[in-house]
Amino acid sequence: MIVTVRKNSEKQNVERLIQQLTLKGLEVNYSEGEHHIVLGLVGDTTGVDITWIRSFDFVQEVTRVAAPYKKANRQFHPEDTIVNVAGVKIGGHEKIAVIGGPCAVESKEQVLRIAHEVKDAGASLLRGGAYKPRTSPYAFQGLETKGIEYLCEARKQTNLPIVSELMSVDKVEEFEKHVDLVQIGARNMQNFDLLKAAGKMTKPILLKRGLSNTIEEWIMSAEYIMAHGNPNVILCERGIRTFEKYTRNTLDLSVIAIIKQRTHLPIIIDPSHATGDWSLVESVSLAAVAAGADGLMVEVHDQPECALCDGSQSLKPKKFKEMLEKASQIAKVIGREL
Ligand code: PEP
Ligand code: MN
């Protein structure tokens, strides 16, 4: 971290700042130039509040050199993290994971039917929302505990580990007991109490990027989970909000390479929420595989026109299977396997 101090500052004020920084365990390298004084801070600055340093009126500028995250940082952990979800490995250089299933669990029969279909198509995990974060309070909110129960039955019949969204801290126990991969949705990416609770769980966490969050904010949310004790975090890009109206969100494909450069965590792509349109899902999924994604999470419904949530972006099982066959060809080209 580099702190630029105004040249005409009172020496004892600057010394006071240096003393406080030293007390935080940092080494402060002082150098006086023609127009400024520069303090170079050496050591672990992740816990240093940049706005606190800016609050000294003689400080002109503070620049971070190192990233504010440590546990998620590739620099301190060069190998890829491979997250084991009930026996299915996500991350690394070989296998690409496929999560398929309905947006929401609507009934036992519905989730069982779709679970068998996605398994037959080649998916290795089953998704399904039991607690749904809906924009309207009048929209279907999910089957809640019953939904989790039906997912467990689907897991029993298919052997597919289950992925479901945890929306509040008071459901942590239920998810810890039943769910294999705990999803934190886009709307809760910065629900810090929920992130801390997820950090105390033993189950792996699927952390979606917030609707309007920067990559650094997203990594910092992963850091929250990791700092509270859970190293098993998978990131999921699901598109961000832009001015564009032809898609539900705008898929930021560059994040795959950026996340891999900056962190050691696996990253998967959700082409369904990214586009909001089933007819775009295949193209975006193929691009994600080509760009190095460690997995795909795709919404699949056998009767999209009757779906209680997100039917318009759901692939029918046959289309899902065809898409995975193409994706598997692309995976081969880049030396991976779907
Ligand atoms: C979902 O995956 O069911 C979901 C609600 O997605 P997001 O949080 O990305 O909107
Ligand atoms: Mn959905």
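Ranked from the most accessible area to the least, with a 1.4 Å probe and all protein chains present, what is the order of 333, 14?
So, going from the largest accessible area down, we get 333, 14.
Here the Karplus curve 6.51 cos²θ - 1.76 cosθ + 1.60, taken at θ = phi - 60°, turns the phi angles of the range 263-268 into couplings of 10, 10, 8, x, 10, 10 Hz, with x standing for Gly and Pro. Remark: relative contact order (the range 2-63) = 46 percent; criterion is Cα-Cα distance under 8 angstrom and separation of 6 or more residues. Computed with a 1.4 Å probe over protein heavy atoms only, the accessible surface of the chain comes to 46 Å² per residue. Here the peptides 98-111, 128-141, 184-197 are ranked by packing, the mean other Cβ count within 10 Å, and the order with the highest first is 98-111, 184-197, 128-141. Spin-label model, residue 36 to residue 58: label points 7 Å out along the Cα-to-beta-carbon direction sit 1.6 nm apart.
In the chain, Cα pairs under 8 Å separated by at least six residues give a relative contact order of 16 percent. Looking at the square roots a ≥ b ≥ c of the eigenvalues of the Cα gyration tensor of the range 83-333, which shape do they give, rounded for a/c under 1.5, prolate if a/b is larger than b/c, or oblate? Rounded, since a/c falls under 1.5. For 94, 237, the ranking by accessible surface with the largest value first comes to 94, 237, using a 1.4 Å probe. Here the relative contact order of the range 184-223, from alpha carbon pairs under 8 Å that lie six or more residues apart, stands at 51 percent.
Measuring from each cysteine beta-carbon in the chain, the ones with no other cysteine beta-carbon under 4.7 angstrom are 152, 236, 306.
Helix 145-158 and the longest principal axis of the C-alpha atoms of the chain enclose an angle of approximately 70°. Put simply, the amide H of residue 183, placed in the peptide plane, has neighbours under 5 Å in 164, 165, 166, 206, leaving out anything fewer than 5 places away on its chain. Report the FRET efficiency, 1/(1 + (r/R0)^6), for residue 159 and residue 290, where r is their Cβ-Cβ distance and R0 is 30 Å, rounded to 0.05. For R0 = 30 Å, the calculated efficiency reads 0.55.
Close amide H contacts of residue 295 (hydrogens built in the peptide plane, cut-off under 5 Å, sequence separation of 5 or more or a different chain): 97, 269. Please list, or write none, the lysines whose alpha carbon is within less than 27 Å of the alpha carbon of residue 71, excluding same-chain residues fewer than 8 places away. Counting by Cα, and skipping residues close in sequence, residue 71 has these lysines nearby: 24, 89, 95, 171, 177, 196, 200, 203, 208, 260.
Put simply, the amide H of residue 236, placed in the peptide plane, has neighbours under 5 Å in 207, 208, 209, 268, leaving out anything fewer than 5 places away on its chain.
The values are calculated or read from the model by the stated rules, or taken from the named source; none is laboratory data. In this text the structure is predicted, and so the values were computed from the model without any measurement. Glycine gets a Cβ as well: all are built from the backbone with ideal geometry, and neighbour counts include every protein chain shown. All accessible areas refer to the heavy atoms of the entire protein, side chains included, with ligands and DNA or RNA removed. Shrake-Rupley method; radii C 1.70, N 1.55, O 1.52, S 1.80 Å.
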